[in-house]
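Working notes, structure below.
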Amino acid sequence: MDNAVSCDKASSDIAPIGAAVAGCGGISATHLAALRALKDDGVNIISLYDTKPERVERRRDEFGGEAAESFESMLDDPRVDTVHILTPHALHAGMARAALARGKYVLCEKPLATSTRDLDDLARLDPDGRRLCCVFQNRYNQSARRAKSMIDGGELGRIISLKGILAWKRGVAYYSDDWHGTKALEGGGVLINQAIHTLDLMLYLGGPLDSLKASVTTDLLEGVVEVEENAHIVLRYADNKTGLFFASNSNGVDEPPEITIAGEEGGLVLRGDSLYLYKDGRRETLVDPSSAPVVGKAVYGSSHVVQIHDFYRCVREGKPFAIGVREAAPAVRAVLAAYESSRGNHWARLDG
């Protein structure tokens, strides 16, 4: 495929798009279910790859496709137009580079990279955001979109502060595989894995950061994992408002992530996919997601499928992705700055 996959709207024929999935762990079921739902729109599951053949076999039996001998052979397959990268974090940037070099469209789970150097390299390879898309599915939630519209429209007046909280449970069993809990492959713990989605929403809704000061600790799992289990961050936004962020994998259960936005003329609370307005002493429910279908774990939100389908719409129409490198990078940079800040016990500056 040179540019977008064309589709003659006057014809019933739709140009096929061949999809490949690299990484057949837990999240792959969500991606493959979304791909299967696009079959009538010409999207076909071509190949699957994982370093563990039994994972490929399980997904192939459920969703179809062929087992690729290697990631390289997957990229060499001329039938493959798009590649979903669902592998351990530290592999994302290198695999995305390889796929882009072969002219593929790439949908990559977060984080796009585990270093600023790799982020900069990916931005150079796809400056217009037309080839590489990052999964930050919660931006597609009705709650996030409604909140963004209200903030941008001035309905809350001047925004004073934001607060984000993520309290989940990740015990010893979660880290029993060969990459979770390792600095080499996971790149970090609760911040870069679980909480980055909530932090991304705080930047999406609040705007760019000026600086932050953070502290990360390993507590219940000290000696079990190499990465942080708990974190708190104080944020300074570029327009001088403040933010607080708390993240933990030491909670007894997985609770819906929560963001509180305080404005001079009202406040918003996003709790999971729900949105509440606080104004004049009253609470109003603006978004109730109780009827929204959820694919995968409920705490992931309901919009994975929505973003995947939007990715394929952009591929067909040749349009930039809503969350390309430019949009996805700030959350990764904030996480990496938090690690730097915690190591040195100092404020870390950001460029947005």
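For region 111-119, indicate whether the set of residues that are modelled with pLDDT of 95 or more, surrounded by 24 or more Cβ atoms within 10 Å (Cβ to Cβ) and not in a loop (DSSP other than H, G, I, E, B) is non-empty. Scanning region 111-119 turns up no residue that is modelled with pLDDT of 95 or more, surrounded by 24 or more Cβ atoms within 10 Å (Cβ to Cβ) and not in a loop (DSSP other than H, G, I, E, B).
Restricting attention to region 303-352 and to residues that are among the acidic types (D, E) and in contact with a helix residue (DSSP H, G or I) (Cβ under 9 Å, 6 or more places away or on another chain), the residue that is modelled with the lowest pLDDT turns out to be D351.
Can you find a residue in region 75-98 that is assigned to a helix (DSSP H, G or I), modelled with pLDDT of 95 or more, over 21 Å from C133 (Cα atoms) and in the same structural domain as R130 (by TED's automatic domain parsing)? Checked against the condition, which is being assigned to a helix (DSSP H, G or I), modelled with pLDDT of 95 or more, over 21 Å from C133 (Cα atoms) and in the same structural domain as R130 (by TED's automatic domain parsing), region 75-98 yields no hits at all. The conditions of being out of contact with any Phe, Trp or Tyr (no Cβ under 7 Å at 6 or more places or on another chain) and either acidic (D, E) or without any contact (Cβ under 8 Å) to a residue 40 or more places away in the chain (or both) are not met by R79. For G26, the conditions (1) modelled with pLDDT of 95 or more; (2) over 25 Å from P330 (Cα atoms) are fulfilled apart from (1).
Residues to consider are A173, A184; find the one that is assigned to a loop (DSSP other than H, G, I, E, B), of a type in the set (G, A, S) and surrounded by fewer than 16 Cβ atoms within 10 Å (Cβ to Cβ).
Values: A173 fails: assigned to a loop (DSSP other than H, G, I, E, B).
Criteria check complete, one pass: A184.
The rows are residues; the columns are (1) under 22 Å from Y339 (Cα atoms); (2) loosely packed, with under 15 Cβ neighbours inside 10 Å; (3) in contact with a Cys (Cβ under 6 Å, 6 or more places away or on another chain); (4) modelled with pLDDT under 95.
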position	(1), (2), (3), (4)
E228	yes, no, no, no
G252	no, yes, no, no
E255	no, no, no, no
V269	no, no, no, no
S291	no, yes, no, yes
K297	no, yes, no, yes
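Annotation: D273 fulfils all but one of (1) modelled with pLDDT of 95 or more; (2) more than 24 Å from H89 (Cβ to Cβ); (3) buried (at least 20 other Cβ atoms within 10 Å of the Cβ); the unmet one is (1). Within the option set G206, G164, G157, being free of Cβ contacts under 8 Å to residues at least 60 places away in the same chain, more than 16 Å from the chain's Cα centre (by Cα) and not assigned by TED's automatic domain parsing to the domain that holds I85 holds for one residue only, G206.
Is it the case, given these coordinates, that L107 is touching a residue at least 60 places away in the same chain (Cβ under 8 Å) and either touching a strand residue (DSSP E or B) at 6+ places or on another chain (Cβ under 6 Å) or outside the structural domain of L205 (by TED's automatic domain parsing) (or both)? So L107 passes the test.
In region 84-103, the qualifying residues are those that are free of Cβ contacts under 8 Å to residues at least 40 places away in the same chain and more than 21 Å from V43 (Cβ to Cβ), and the one that is surrounded by the most Cβ atoms within 10 Å (Cβ to Cβ) is H92.
The values are calculated or read from the model by the stated rules, or taken from the named source; none is laboratory data. Source: prediction; values computed, not measured. Quick reminder, even Gly has a Cβ in these numbers, built from the backbone with ideal geometry, and neighbours come from all protein chains shown.
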